[in-house]
Amino acid sequence: MANVFENCLNYGGALHVPVITIDGPTASGKGTVAQRVARHLGFHLLDSGALYRLVALAGLRGGVALDDEASLAKLAAALPCRFSGTAVFLDGEDVSDTIRAEDVGKASSRVAALPAVREALVERQLRFCQQPGLVADGRDMGTVIFPDADLKVFLTASVEARAGRRYKQLIDKGFSANILDLRKDLEERDARDSQRAAAPLKPAPDAYLLDTSDLTIEEGVKQVLEWYRAAKA
Ligand code: C5P
């Protein structure tokens, strides 16, 4: 894992590839902020959470136990997935909405705690590091995968704000949802993501912290772009 960033340079070519990492807990708004920052700068986007969701979905469909580390790592290493814009395909099937369902989200946080699964996904994540630049969204982008990123941001929001956002997202996608259950699930997932031994959810020491509880998406995007401009200057 020590030469992870060298690998990033290999994928990006001889020139430095600018990388912005946006980490944070579930429903902190990082996915939307990352998408808009990437679009604004014309950069590639890595939604690393989608990879863990894909492994979970493939595992659930294949009847693999969610603690069977070796089988899940094998699945992760050979995951037949493809990204096209914000659409995600598994074995040719568009699973963009399916991977956002709550059961897949819960399962993804369990498979993400398994070190062999995380290791199996490293190379795939590094391949996103291409010119003209990358915005990488996840939990360990700034701490483990891109430790030398040009800008690291850690987005947070209160659990109330996050449960409200998750509720709206699910209802908008046509799923049923209960706000109290969502809140409980978020708290459980936060605890699992921050307490796990492998790549726990935590800000990198050099990350800028951004609390989005009372911010609009546009305000969050504006702040990240300002930090990026300052970092480049
Ligand atoms: O970001 P998202 O909610 O889609 O991520 C799904 C799950 O994948 C998270 O609950 C987390 O456990 C895991 N994850 C991770 N490391 C990442 C991205 C996501 O452990 N870089």
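The values are calculated or read from the model by the stated rules, or taken from the named source; none is laboratory data. If you're wondering where the values come from, they're calculated on a predicted model, not measured in any experiment. When we count neighbours, we look across all protein chains shown, and the Cβ atoms used for this are built from the backbone with ideal geometry, even at glycine. In case anyone asks, the SASA skips ligands and DNA or RNA and just uses the protein heavy atoms, side chains included. Shrake-Rupley method; radii C 1.70, N 1.55, O 1.52, S 1.80 Å.
Filter the helices (runs of 4 or more DSSP H) completely within segment 11-102 down to those with at least 1 residues that are within 16 Å of the ligand (Cβ to nearest atom) and in contact with a Cys (Cβ under 7 Å, 6 or more places away or on another chain).
On the way: elements: 30-41, 48-61, 69-77.
Because the criterion is at least 1 residues that are within 16 Å of the ligand (Cβ to nearest atom) and in contact with a Cys (Cβ under 7 Å, 6 or more places away or on another chain), the helices (runs of 4 or more DSSP H) in segment 11-102 that meet it are 48-61.
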Residue hits (segment 126-159; assigned to a helix (DSSP H, G or I), buried (at least 24 other Cβ atoms within 10 Å of the Cβ) and more than 8 Å from the ligand (Cβ to nearest atom)) are 142
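Identify, from the list 47, 68, the residue that is of a type in the set (Asp, Glu) and farther than 18 Å from residue 32 by Cα. Write out each step before concluding.
Values: 47 fails: farther than 18 Å from residue 32 by Cα.
Criteria check complete, one pass: 68.
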Those residues of segment 175-226 which are closer than 25 Å to residue 120 by Cβ, outside any loop (DSSP other than H, G, I, E, B) and not aliphatic (A, V, I, L, M) amount to 188, 189, 190, 192, 193, 194, 195
Contact list, first residue from segment 125-137 and touching a residue at least 12 places away in the same chain (Cβ under 8 Å) and under 16 Å from residue 16 (Cβ atoms), second anywhere and open to solvent by less than 50 Å² (accessible area, probe 1.4 Å) and among the hydroxyl-bearing types (Ser, Thr, Tyr), beta-carbon distance below 9 Å, six or more apart or interchain, is 128/48; 134/21; 135/21; 136/21; 136/48
Over segment 180-209, the set of residues among the hydrophobic types (A, V, I, L, M, F, W, C), within 23 Å of residue 100 (Cβ to Cβ) and open to solvent by less than 100 Å² (accessible area, probe 1.4 Å) is 182, 186, 191, 199, 201
Those residues of segment 125-172 which are over 18 Å from the mean Cα position of the chain (by Cα) and at positive phi amount to none
